[in-house]
Amino acid sequence: MILLKNMRSASRVKKDENQRDNMMGKVTWKKGFEPKVLIDRLDEIRTVKNGQVSFRGFEYREYISVFKSLIDLGQPGIPASEAGRLVSRGVSAAARKPDFTQKNIITEVSRLVREYNSENLKRYTLVTTVNIKRTNHFPDQKINDVHVRFVKNLHKKYLKARKETARRVSSWGIEEVDTSKAYYVLAHTSARTPQEAVERIFEGLDLLRGIWCLKLNYDWVETYGLKNPVNQIVFGKLHTLHTSSGKQADDRFWYDPDPVSEKRLIDFRQRFPVIEKYTKRIRRVLAKHKYRDDVELAIKKFVRALDSRDYNASFLKLWSTLEFITGTQKANYDLTIRRAAFCFDDTAYCKLVLEHLRQYRNRFVHTGVGEDDIEPQVYQLQRFVIQVIGFHLTNPFQFESMDVATQFLDLPSDNSKIRQEISLRRKALKYRTVSDE
């Protein structure tokens with residue numbers, strides 16, 4: 001019954017999305033690039049015959065990959081993989097014309113974007129597993145445009161196609177978790193293409209999982225031997241996409257490239273009431289948040305950073321998340337440290353720890369050599385990221401944007417210095433007022 005309701009609403013969703021797309025900007029060349037240099041190179045290796053185009057040598061793929069960074073589709077809602085496909089097809093279409101020019105490329109890409117936006121929405125279901133014991137009861141979830149169900153037994157219409165895919169990839173070391181003990185996850189959405197569906201679904205799933213991991217991840221774990229991801233909740237290794245009939249949406253499938261099978265199952269029975277209450281509270285906060293998109297992105301960056309068993313890679317991704325939530329991606333590290341430490345009472349100690357983490361980050365980036373005993377650094381950094389995300393979630397002074405909120409973190413952490421700065425700013429305002437008169 002729920003599925004029928006969702007299918008009936010698909011036309012309304014399509015109308016809303018097309019209206020949104022029509023409001024977006026036009027396809028343009030990005031500033032800071034000189035596309036003619038690349039066009040001339042591609043022109044040198046193209047041959048047009050009977051309306052068909054071919055390219056000599058192996059340079060074509062290199063040139064096309066660069067084109068994907070040169071063109072702005074003006075619609076951030078189009079998934080990156082689909083955007084790349086549209087650019088590639090647009091360049092090839094323009095290359096079939098006698099005049100291979102910047103204008104013709106933009107014309108062809110614009111045409112393909114319009115065609116993409118006019119495609120009908122289709123219903124897709126992604127099937128995966130999650131490392132949660134089936135002893136728990138999970139209610140259905142709806143997060144953004146994704147409906148999520150946790151089921152103990154997979155419907156036979158999905159099972160046949162999924163088993164066939166699992167058989168095809170078994171030689172790669174990609175195996176199902178023990179589905180007699182773990183939950184299946186069914187995530188439904190409407191999208192134009194399979195790739196758009198997968199990206200939209202994981203945006204929703206990772207947001208939900210990120211909220212859970214903000215609450216569930218341990219402050220510190222001492223591990224010996226093979227490491228598990230820091231995240232307590234992780235998906236299984238194999239993800240398959242299905243149409244409403246249960247058949248695979250296309251020949252593609254998605255998987256976790258980590259060769260080690262996930263054996264750790266989480267028992268939620270005692271903690272789930274707390275997690276459910278926490279999740280509902282965070283969802284209510286996000287629904288009314290002034291810079292919701294940025295905070296949701298921060299949560300997703302946080303959880304994706306901690307999915308790996310390679311803790312050095314997790315550390316770098318987590319540091320990147322810290323830079324994002326402090327608004328210091330293009331600033332020096334002193335500003336990152338100062339803003340992150342502001343969210344804690346003991347700022348002097350926090351600055352000391354953050355400087356220690358900064359030095360580790362720089363050493364690893366410049367030498368390419370990590371450390372075996374990196375757990376302390378990862379868990380320390382996770383604590384700072386969670387605290388700053390918490391500051392943005394609560395948004396205690398109702399800042400209008402993340403940019404303004406992070407500027408607030410620039411203020412001194414010492415009360416006497418804050419009073420001194422207030423006094424100076426009042427005097428500056430008085431001085432400027434007099435000058436204006």
Exercise. Within the stretch 269-276, is even one residue assigned by TED's automatic domain parsing to the domain that holds V130, in contact with a strand residue (DSSP E or B) (Cβ under 7 Å, 6 or more places away or on another chain) and among the aromatic types (F, W, Y)?
Worked result: no
For this session: Could you give me the residue pairs with C-beta distances under 6 Å whose first residue belongs to the stretch 147-160 and is in the same structural domain as Y183 (by TED's automatic domain parsing), whose second residue is surrounded by fewer than 16 Cβ atoms within 10 Å (Cβ to Cβ) and not hydrophobic (A, V, I, L, M, F, W, C) wherever it lies, and which are 6+ apart or on separate chains?
Result: R149/D140
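Any idea how many residues of the stretch 23-58 are small (G, A, S) and surrounded by 10 or more Cβ atoms within 10 Å (Cβ to Cβ)? First the steps, then the outcome.
Going through the stretch 23-58, the residues small (G, A, S) turn out to be 25, 32, 51, 54, 57.
Filter again for surrounded by 10 or more Cβ atoms within 10 Å (Cβ to Cβ), leaving 25, 54.
Counting residues in the stretch 23-58 that are small (G, A, S) and surrounded by 10 or more Cβ atoms within 10 Å (Cβ to Cβ) gives 2.
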For this session: For the stretch 80-98, state whether one or more residues are surrounded by 15 or more Cβ atoms within 10 Å (Cβ to Cβ), part of a loop (DSSP other than H, G, I, E, B) and in contact (Cβ under 8 Å) with a residue 60 or more places away in the chain.
Result: no
Exercise. If you go through the stretch 125-134 one residue at a time, do you hit one that is over 22 Å from E296 (Cα atoms) and in a loop (DSSP other than H, G, I, E, B)?
Worked result: yes
Exercise. Out of Q102, Q141, which single residue is within 23 Å of the chain's Cα centre (by Cα) and modelled with pLDDT of 90 or more?
Worked result: Q141
Exercise. From A305, A341, which residue is assigned by TED's automatic domain parsing to the domain that holds F384 and touching a Phe, Trp or Tyr at 6+ places or on another chain (Cβ under 9 Å)?
Worked result: A341
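Quick grid of which residues meet (1) closer than 30 Å to R281 by Cβ; (2) among the basic types (K, R):
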{"position": "D373", "(1), (2)": "no, no"}
{"position": "T394", "(1), (2)": "yes, no"}
{"position": "P412", "(1), (2)": "no, no"}
{"position": "K427", "(1), (2)": "no, yes"}
Exercise. Among the residues of the stretch 48-71, is there at least one that is charged (D, E, K, R), outside the structural domain of R269 (by TED's automatic domain parsing) and in contact (Cβ under 8 Å) with a residue 24 or more places away in the chain?
Worked result: no
Seminar exercise, completed: Checked pairs for the stretch 128-146, first assigned by TED's automatic domain parsing to the domain that holds W254 and farther than 13 Å from G204 by Cα, second part of a strand (DSSP E or B) and of a type in the set (G, A, S), C-beta under 9 Å and 6 or more apart or across chains, list as T128/A187; T129/A182; V130/A182; N131/A182; I132/A182; K133/A182; R134/A182
Exercise. What number of residues in the stretch 377-393 are touching a residue at least 60 places away in the same chain (Cβ under 8 Å) and either more than 14 Å from F342 (Cβ to Cβ) or of a type in the set (A, V, I, L, M) (or both)?
Worked result: 11
Exercise. When residues of the stretch 263-317 are filtered for being within 14 Å of N231 (Cβ to Cβ), charged (D, E, K, R) and modelled with pLDDT of 95 or more, how many remain?
Worked result: 4
Problem set entry | Residue satisfying all of: in the stretch 306-339; part of a helix (DSSP H, G or I) and without any contact (Cβ under 8 Å) to a residue 24 or more places away in the chain; nearest to T367 (Cα to Cα) among these | A313
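The values are calculated or read from the model by the stated rules, or taken from the named source; none is laboratory data. Because the structure is predicted, anything quoted here is derived from the model rather than measured. A quick note on method: Cβ atoms are made from the backbone with ideal geometry, for glycine too, and the neighbour counts reach across all protein chains shown.
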